[in-house]
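Colleague: Mind looking over this structure? Questions follow.
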């Protein structure tokens, strides 16, 4: 019924290694049938190296080809396509029934602003990863500590995007488009990210964590003020003092 592209290709900031985010809208009654044939369909588009997903009922399949092309093929019923921040920048390839025009028009009107719930969730997750990093270091679980530290780093980036009132156009914890030519971060922010790199030495991990805290404190104060949430600065300081 309709086909559209999302992601880098639709936005015009693609490179030779960008995913192809292909979305197909199918008749509701035939969606299950399309999902069953999603891998076979993708096999017709080139020489397949492998598929990531083997669940026949999931709404997508990720296919890797022998040219390093990767296609994320999504299938939707018409009623699932509603105005969304995620549909602000898409490229419609085929739409004979005019399914997409209203959705795209309404999506273009949407302006992202962080909500109080979103800011509180962001703060809670970041504090949790701070304590998990400390626990992992105390247990000598260095890979786990580094994984948690990476989540803190990513959540601070997420905070920067909220500060800019920009929607993070990547899944949670994923680093694509955060650095490089497609980054929306400024030079100072990118320099901070680079300075927060560290190895698996326990002292270095805690030292890096300590260097990240001031930016979290600043973001917490700014974002909470913007959305009308208590900053809880004294409480947060006590939480941080437990680990650093």
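The values are calculated or read from the model by the stated rules, or taken from the named source; none is laboratory data. On a predicted model such as this, the values are computed, not experimentally measured, just so you know. Neighbour counts run over all protein chains shown; Cβ positions are idealised from the backbone, glycine included.
Colleague: Among 181, 220, which is the only one that is within 29 Å of residue 141 (Cα to Cα), in the same structural domain as residue 134 (by TED's automatic domain parsing) and not in a loop (DSSP other than H, G, I, E, B)?
Modeller: 220
Colleague: While we're here: Is it true that some residue in the stretch 147-155 is surrounded by 15 or more Cβ atoms within 10 Å (Cβ to Cβ), at pLDDT below 95 and under 30 Å from residue 19 (Cβ atoms)?
Modeller: no
Colleague: When the stretch 8-51 is examined, which residues are found to be in a helix (DSSP H, G or I) and under 18 Å from residue 176 (Cβ atoms)? Quick ask: steps written out before the conclusion?
Modeller: Let us first name the residues in the stretch 8-51 that are in a helix (DSSP H, G or I), namely 8-11, 28-36, 38-43.
Answer for the stretch 8-51, where residues must be in a helix (DSSP H, G or I) and under 18 Å from residue 176 (Cβ atoms): 8, 9, 10, 11.
Colleague: Got a sec? Which of 48, 90, 61 is without any contact (Cβ under 8 Å) to a residue 60 or more places away in the chain, touching a helix residue (DSSP H, G or I) at 6+ places or on another chain (Cβ under 9 Å) and surrounded by 18 or more Cβ atoms within 10 Å (Cβ to Cβ)?
Modeller: Working: 48 fails: surrounded by 18 or more Cβ atoms within 10 Å (Cβ to Cβ); 90 fails: without any contact (Cβ under 8 Å) to a residue 60 or more places away in the chain.
Only one candidate passes the filter, namely 61.
Colleague: Then there is this: Does the stretch 201-216 contain at least one residue that is outside the structural domain of residue 16 (by TED's automatic domain parsing), surrounded by 15 or more Cβ atoms within 10 Å (Cβ to Cβ) and under 19 Å from residue 117 (Cα atoms)?
Modeller: Yes, because at least one residue in the stretch 201-216 is outside the structural domain of residue 16 (by TED's automatic domain parsing), surrounded by 15 or more Cβ atoms within 10 Å (Cβ to Cβ) and under 19 Å from residue 117 (Cα atoms).
Colleague: Would you tally the residues in the stretch 93-103 being surrounded by 15 or more Cβ atoms within 10 Å (Cβ to Cβ) and touching a residue at least 60 places away in the same chain (Cβ under 8 Å)?
Modeller: 3
Colleague: Mind counting the residues in the stretch 104-143 that are touching a residue at least 24 places away in the same chain (Cβ under 8 Å), assigned to a loop (DSSP other than H, G, I, E, B) and more than 22 Å from residue 83 (Cα to Cα)?
Modeller: Of the residues in that region, 1 qualify.
Colleague: Is it true that residue 154 is in a helix (DSSP H, G or I), assigned by TED's automatic domain parsing to the domain that holds residue 186, closer than 27 Å to residue 194 by Cα and without any contact (Cβ under 8 Å) to a residue 60 or more places away in the chain?
Modeller: yes
Colleague: Would you confirm, using the coordinates I've provided, whether residue 163 is touching a helix residue (DSSP H, G or I) at 6+ places or on another chain (Cβ under 8 Å) and surrounded by 12 or more Cβ atoms within 10 Å (Cβ to Cβ)? Spell out the reasoning first.
Modeller: On the way: touching a helix residue (DSSP H, G or I) at 6+ places or on another chain (Cβ under 8 Å): yes; surrounded by 12 or more Cβ atoms within 10 Å (Cβ to Cβ): yes.
Yes, satisfied.
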